[in-house]
Structure formats: C-alpha cells, structure tokens
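Report on the following structure.
Derivation of every value follows stated rules applied to the coordinates shown; laboratory data play no part. Predicted model, so just to flag it, every value in this text is computed and none were measured. Methodologically, a virtual Cβ is constructed for each residue, glycine included, from the backbone with ideal geometry; neighbour enumeration extends over all protein chains shown.
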Amino acid sequence: MLSNHFQNGIETARLVWSRIPNSEESQLLDDAVGILKKNDGGGVESLDYEVIENFAYREEQAQRGKLYVSYLLVVKWFFALLIGICTGLAAVFINIAVENFAGWKFSVTFNIIQKSYIAGFVVYVLINLALVFSSVYIITQFAPAAAGSGIPEIKGYLNGVDIHGILLFRTLIGKIFGSIGSVGGGLALGKEGPLVHTGACIASLLGQGGSTKYHLNSRWFQVFKSDRDRRDLVTCGCAAGVAAAFRAPVGGVLFALEEVTSWWRSQLMWRVFFTSAVVAVVVRAAMGWCKSGKCGHFGSGGFIIWDISDGQEDYSFAELFPMAIIGVIGGLLGSLFNQLTLYITTWRRNHLHKKGNRVKIIEACLVSILTSAISFGLPLLRKCSPCPDSDPASGIECPRPPGMYGNYVNFFCSKDKEYNDLATIFFNTQDDAIRNLFSAKTINEYSSQSLLTFLVMFYALAVVTFGTAVPAGQFVPGIMIGSTYGRLVGMFVVKYYRKLNIEEGTYALLGAASFLGGSMRMTVSLCVIMVEISNNLKFLPLIMLVLLISKAVGDAFNEGIYEEQAQLRGIPLLESRPKYEMRNMTAKEACGSGRVVSFPRVVKVSDVVSILRSNKHNGFPVIDHTRSGEPLVIGLVLRSHLLVILQSKVDFQHSPLPSDPRGGGRSIRHDSGEFAKPVSSKGICIDDIHLSSDDLEMYIDLAPFLNPSPYIVPEDMSLTKVYNLFRQLGLRHLFVVPRPSRVLGLITRKDLLIEDKENVNTLELQSTSQNSASE
C-alpha cells in the first residue's frame, strides 16, 4: 500500500514537472509560470516586485511621517548587520565541523594504516559513508530543497521567480548540516555554493521574523513584508555567503551584482557592502579565537585563503602564450563539464530519482564508496619519491602525515624521508590539497603522471557527484580541476623556458580561474575573488586574461552552469538580453489571442470563486463603466488579494453597487500584513476557503484593493522593448492596450527634478517603504 501511494506521488511529480515551462517559452507572462502544485506543496510562482499603489498603500503612506522613514532606514541597516553576523557564524560553524570531521577521519585512518592498510581503508570508507549518509538522509527526509548548490534557485528568486521551499527554515537547517556531511565525507564538491544559499535563507527568515511553523518567530522582526524589500535582504544574504566562503568581501558584493541579481541600485550597494564587511570581521574574529586551539582540528585550512604572496613576482611577455593556452583549456573543459553534468542530471531526473528517496540514498552512498576507494587506492599504486633537500627558511617539512596542513604527505612509503605526491592532493582535505597545488618554492614536487591521473579521476568524480541529493558547490571542485592542469602547464613552462623566477603555483592559480570562468562564465566577481583568496594583486592582469579567454571559448559551446541548471529545473529566468527574434514580434503577438479574464468593479462572491477555481491566473484586470456605458479599465487586482478578501469575509456587502461611487476611498478593514504571502510557501489556496451559500450570494467592491496604475504598453510595441521594461522593473503583469486616441501631456527630465524638500521626502518615502502592502 505504501509503495502504491509512493508511486502515485511519483506520477504526480512527473506530471507537474512536465507542466513547468521552458525558460525560452512564455517568459513574459506570469500565467505561463502559474502556481504548479505538487504533493509537498512545491512549485513555481512569480514574485510581486511592483509597488501596488492601491488605497491601502496610499492610506498607510499618508499616515507616516519623516520619523518613520528614518526608522525604516535604520532597520534596514540593522538587518544588514544581523545578516552579516548570522551568516558569518553559520560559515564558522560549518567550517569548524567539516575540519574536525576531516581531521578526526585522517588522524584515525593514519594511525590504523601504521598497522594495516586494509583496516585503514575499511575505516576510511565507513567514516566517509556515515557522513555522506547523514547528509543525503537529511536532504531526502527533511529538506529536499536543500539539495544542490542553491545558486540557480536564488538567482531565479532575485529574477522574480519564487520556487516553493527554497528559503524555509528547514531548508536552512538541511543546508548547514547536509553540507557538513557531504564535504566532510570527502565527496568531490564544495561548501561555497551552499553557503550562498545559507546566507539567502538567513536573510529571508530574518526579514519575515523567523519561522512560524517551528514557533521561532518574533513580531519585532516582522517589518519587511513585501517581495521588493525581501529581495534586497536576500541580495545581502547572497553576498554575505560568498564573503564568508572565500573571505572575500569585495568579491561577495560583485558576485551578487554580476551573477545573481537582475535589479540593482546604489542604496542597495551600500548595504550589501556593509553586510560583506561584517562577515569578514566575524570570520576574522572566529579564526583568531580558534588559533588558541579551542576549535579542535580546525586551522587555517578551514576558510579558503591561499596566500601565495611569496610566489612568482614577475612574468615575461613570452609567458603570455602558455597562459592563454590555460584560458583555452579552461573554456573547453568548463563547457564540457557543463554539458556532461547536464546530460547526467537529465538522466538522473528521468530514470533514477523518480524511483524515490531510497534510490537517492543508495546512489549517494555508492558515489561515496567510489570516491573513497579512488582517493585511498590510487596513491597506493604510486611510487614514493625522496624528499628534497630541506630549507629551514622555507618552513616546509618533508614528510608530513595525511590530513595535516603542508606538502609532502607520507603514504605507503617504505622509507621515512619519502613522500607520495598523489596522496598529497588525493588523500587530503580539498582546501589543503589546493593550498599544496598553489604552493610556491615546490618545483618538481608533483610528477606529470600524478597530476594527469588526478585530473582525469577527479574530473570524472566531480561530474558524477554533481546532481546527487546532497548540498553541493562547484567552486572548490572547479579550483581543484583547474589548478591541476594549470600546474601541468607550469611544469612545461619551467622545463622549456628555463627561467629561475617561474613558479608552478602561479600557473595553478591561473588554471583554477580559467576553469571557473569556462564553467560559470563569471568575469569581474571571479577575478576579484581569485585575487582576494591568493593575496597577490600582481596576478590581476593575468587572471583577467585567462578569464576573458575561457569565457569566450565556453560561450561558443553552451551557457554557464547556473543557467543550464536553471533551465533543467524549469526556472523561467529572464536573461539580461532578449532573444534576437523578439525584434520582429509585437506585444500583441506575445500575449496571444485568448480571451482576457477580468472582473467588474463590484463582483459577486460566487463569480470570484468560480473564476479562481477555473484558472490559475495571478492577476486580473478590473473593468468599470463610464456614464455613457463605455468600458473602462480601472486597475489590476491580484489573486492573492482576492483570496485574503474571501477568507476574511469582512468586505462582503449585500448591495451590487459600489460602496464609494467616487473611486474606493473608504477605509479598509485589513491589516497590511494580511496581504503578504510568506516567502517560499504556497500561501492561501482557494480550496482552503470555506464559504456558505449566503456568502456566495454577496458582493465585493474591488476598487480599494486594486492597483490603479499598472504598467501599460501599446499593442504594437516591439517585444524587445517589452522584455527590457518587464525585466528591469521586476514586473509580474503588463497590460497590452490599443493605441491611445489622445495625449494628455509629456514628461521630460526637468519635470522629474523636484526641488521642493517636502516633495523629495515624499518620493524617498515611496521608494524605501514598500512593505505596507503585499505586492
């Protein structure tokens, strides 16, 4: 019986997935997105970033003064501070946990392999398996939305699409503890992408006052209730996540600007910058506190910063050619990585994951066993190399035990003064392995055979691991892959250029940047992040070179990994540029020839219920009539507002006449917070509302609740202009109307330059205080 119920759930999920539109189809229409229902209440719904200037909004704005505007500004900065502190503490907790689990794992394994390598292998596999099992179990049973990196979903949210469940409290918990298990378990993935999602969840939860489901909420924090203000908070959370992951506050700001946001303004820039600065201070303070040994195995490897300031200090013109080759390789391997992960993820979705959570758990466990076997077994096949002559000034010790910060790991070596170069990068934490690859003054530490073996195997593991039901970031695996082939090119340059000042670690850094650029297609933010984590500004021109080349090469084959994954998940992103064929299309052609569903100003309750049940539209034009009987569009009413009105019943009236013939100037018997839909939840459903037969015979005057000034375009406007207007303003609905018959006036730049101080304050009030009405 349970299996039949579960099979029905799978078929329902499959049907829902088939209804999710492609990102290239019907992007301008919210109705094409709709509300897609699943058994767990999941789905996709557009967000209301437009200010709904209905009577409730105007009435509340009129009651507010200058003091309240100042109060809102102070609260926004206070929330930015809280987001920075909480995200920094979450990152510290994740890193301390991951480093301690990894440290204990390597310490126990290393102690056991002194007696038996077979017993050490078994223990190593079991520890990794237990950690990965804990991660996938949390995801499948508690927080399904926490799987993956979360960046495509957050990018969709900031683009105007809410995927139900991505910003809930349980998603935050699943992301934190799932990341600890998956990264600590040694899988070929990172915790940086999940940290971005973690920061976004923290920001969203703070903005709505916590979680009501788990009774962790406070009315003191329930200040910002509109999608517009929550968008700003989530943007701060994204930047905070990157700043915490890489200790790169400026890179975090630029990442939010370049990669995830679709709408930006200078006031938001200041708050995002402040949030990232707070994160940097929190992380720095935590690392200083942990230096005293209070954090167990946690050390400098816990946060990504690979100081190579003592590396190569200059470069010659002849080195630009191999550096350009690194950019080409990064573009090719990055685009290939995107394509392979797309194929495998599609296959998983169509054939594997639809079989249920048990299959997801088994898959993740098998990937864990495979990864452990490769990382432990391959170094056993590698012959050890003698340690180089030690230089006391370099501070490099040879050999070092596995799991310890440093190069030259002794693994399955018959002599004390030998090290295993493959174990140095394979049988180690990813942070320490990257630090070893980036290290200077370590020429000839790795053989080309070991680097090539690691490149092929880790690349394959990263492709296979991507898409499993665990929190997974792609920054660190990309850096691992890129630094490996970068160091290979560096070995070639050292051998054939025969210059004393060339460092292989420099080419490893450039390789890492090239692969990330070829896969993620970021340029400015990634360039700054790489400079911040390497602590060497001299490499800035070189990093810019390889990023430009790798992005150009990758763009010739496919889109970035986040865009492809968003398409695969059915997230209808509006990209920065419209499609070329839109130039030859008009707004009328895009909206189709179907009948527009509308409401009269005074509508019968039964008619409202019937229309809401018969379609999934989220916005409806409201039609009134002039004295001469001609129809007149007076505004737009949202589905969410209608559901609140139906549920409360306080605005029902017996008369079919307008309650205020002058246009809806009566007082509204609703608190502004009632119209706000909780973040990442389905909100009120028409099936949840119960009305009696007497209720169905009553009427509602929609005038006080509608938006009297929606955005309007003429029917013959090119779809390219419509696209740009829709995306840049963050709209959900756009009216298409016939050509107007007359012009009332023209507004120019000088008409918008209002010098009156009182009017300026009024405009500031409208731009910063959108939280009173649900949009």
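One table, with the values for the structure above:
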item	result
Label-point separation, L725 to K616 (7 Å along Cα→Cβ), nm	2.7 nm
Too-long pairs where the Cα-Cα distance tops 27 Å, listed order kept, from K294/K538; K191/K291; K175/K551; K155/K579	K294/K538; K175/K551
Difference of contour (0.36 nm per residue) and Cα-Cα distance, S598 to Y71	185.8 nm
Listed peptides 573-585, 698-710 by packing density, highest first (mean Cβ within 10 Å)	698-710, 573-585
R0 of 41 Å, Cβ-Cβ distance K383-K294: FRET efficiency to nearest 0.05	0.50
Cα-Cα over 20 Å, subset of K225/K604; K604/K649; K649/K677	K225/K604
Coil-residue trypsin sites (Lys or Arg not before Pro) of the range 450-545, DSSP, other Cβ within 10 Å capped at 10	R498
Linear extension gain, K417 paired with R349, 0.36 nm per residue minus alpha-carbon span	19.5 nm
Within-10-Å neighbourhood charge of L268 [Cβ basis; K, R +1; D, E -1]	+3
For the range 126-256, diffusion coefficient by Stokes-Einstein and Kirkwood Rh (Cα), 20 °C, 1.002 mPa s, µm²/s	143 µm²/s
Centre separation in Å (Cα based) which lies between the range 120-160 and the range 226-296	22 Å
Spatial extent of the range 65-298: Rg and Dmax, with the Cα atoms as the point set, Å	19.2, 76
Radius 11 Å from Cβ of I326, net charge of other residues (Lys, Arg +1; Asp, Glu -1)	0
Linear extension gain, D751 paired with R284, 0.36 nm per residue minus alpha-carbon span	163.2 nm
Cα gyration tensor category, rounded, prolate or oblate, for the range 340-569 with a/c compared to 1.5	oblate
